[in-house]
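Report on the following structure.
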Amino acid sequence: MKQDRFKEELGFVFIHGAGLNGGVWDFVVEGLGHPCLKVDYPLRDGAEISGHHLALEDYVNHMAEQVRTWGTNKFVIVAHSLGGVLAIELASRFTGRVTGFVAIGAAIPKRGGSFVSALPFPQRVIMPIILKTAGTKPPESAIRTGLCSDLPEDQASRIVAEFVPEARRVYTDRVQASIPDVPKLYVKLIQDKEFGLSIQESMIANLSADGVESLSTGHLPMLSDPHGVRRILESFVKRHPVISS
C-alpha cells in the first residue's frame, strides 16, 4: 500500500493474550473514537495441532501482515499478557509509525529474553517442562481461577470454550528487538491471579515505562472493566501530544 493512501488519523493496534482472540477487545473499542485494529494470532482456524511448529517470528509475521493491510499510518500498540512479547517485535517492524506503547498486565522480558525468562523463579524453570509434557492449554479449573477470576459465569465459560492452545515456541523463543523509543505506559492489574504484583513490577522495570496506571481487576480488564481501559487509553494520548502529531 502506498504511503499517500494511509489514513493520517491516529489508530490503535490491540494485541490479545494467550488462548484468546481479538474479540476480547470489542467493549474497549466501542466509543474509543479512533481507528482500531484487533490483530489475531495464527491458529485461530482450528489448526492448532498442525501449528505447533510455529515460532515467535511466525506469529509476528502473521500480525505484521494485518497491520500492513490496515491502512492507518500512526498508531499506538496496546498489548495484553503474552501479547507484550509479540508487541515488542511487532513495534520494531513499524519504526516511525508506532507512536506509543501500552502494556496491560503484559509480559515484558529483558532484551534477549523470552516470555518464560520474564517469569520469577521457580516458574521459569518449571514452565518449559509443563509446556513440553502438558501442552499450552491450561486445565479448565486453572483458566477459571486464574484468567477469569473476576468474570461472571457466562464470560468465563466462553473463555474456557474458545481457548486456543498456542505454539510452544511463542513462550520460549527469545525477543531480539529493543523496547520501542516512544511514550510507554504500563497498566497494573491489582487483582491479577495470573501475574502477581511483584511480577508486574518487574515488567514495569523492563519496559522502562514513562507512567503506570492501575485497575482493580483480574487478568482480563478488557472484559471486566472496558470503560476503565478506554479511559486510560484516552488519557494516555492526551498526556503525550507527540503520539498524535
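Solvent-accessible surface of the chain, averaged per residue with a 1.4 angstrom probe and all protein chains in place: 44 square angstrom. Peptides 220-228, 109-117, ordered by how many other C-beta atoms sit within 10 Å of their residues on average, highest first, read 220-228, 109-117. Any idea what diffusion coefficient region 29-138 gets from Stokes-Einstein, in µm²/s, Kirkwood Rh on alpha carbon pairs, 37 °C, 0.692 mPa s? Once the numbers are plugged in, D ends up at 211 µm²/s.
Heavy-atom surface analysis with a 1.4 Å probe gives the chain a carbon and sulfur content of 52 percent of its accessible area.
Here the Debye sum runs over all C-alpha atoms of region 140-245 as equal scatterers in vacuum, and log10 of I(q)/I(0) at q = 0.11, 0.24 Å⁻¹ comes out as -0.45, -1.28. Between SER198 and ALA55, full extension at 0.36 nm per residue minus the direct alpha carbon distance yields a gain of 48.6 nm.
Could you list, in their original order, any pairs among LYS38/LYS132; LYS74/LYS188; LYS38/LYS188 whose Cα atoms are separated by more than 27 Å? Cα-Cα > 27 Å for LYS38/LYS132; rest within. Per-peptide packing, taken as the mean over residues of other Cβ atoms within 10 Å, places 151-160, 28-37 in the sequence 28-37, 151-160 from highest down. Region 223-245 and region 184-213 have Cα centres spaced 16 Å apart. Mean-square fluctuations from a GNM of the chain, with a 10 angstrom spring cutoff on Cα atoms, peak among ALA134, ALA103, ALA118 at ALA134. Note on region 22-85: Cα-Cα pairs beyond 14 Å make up 65% of the total pair count. Taking the centroid of alpha carbons for each part, region 88-139 and region 19-39 are 21 Å apart. Once both labels are positioned 7 Å from their Cα atoms along Cα-to-Cβ, the gap between ASN21 and ARG93 label points is 2.0 nm. In this calculation the C-beta distance from LYS110 to GLU153 is compared with R0 = 30 Å, giving a FRET efficiency of 0.20. Using alpha carbons only, the radius of gyration of the chain set against its Kirkwood radius gives Rg/Rh = 0.93.
The values are calculated or read from the model by the stated rules, or taken from the named source; none is laboratory data. Just so we're clear, the structure is a prediction, and the values are computed from it rather than from any experiment. Methodologically, a virtual Cβ is constructed for each residue, glycine included, from the backbone with ideal geometry; neighbour enumeration extends over all protein chains shown. Protein only, heavy atoms only, side chains kept; ligands, DNA and RNA dropped before computing areas. Shrake-Rupley method; radii C 1.70, N 1.55, O 1.52, S 1.80 Å.
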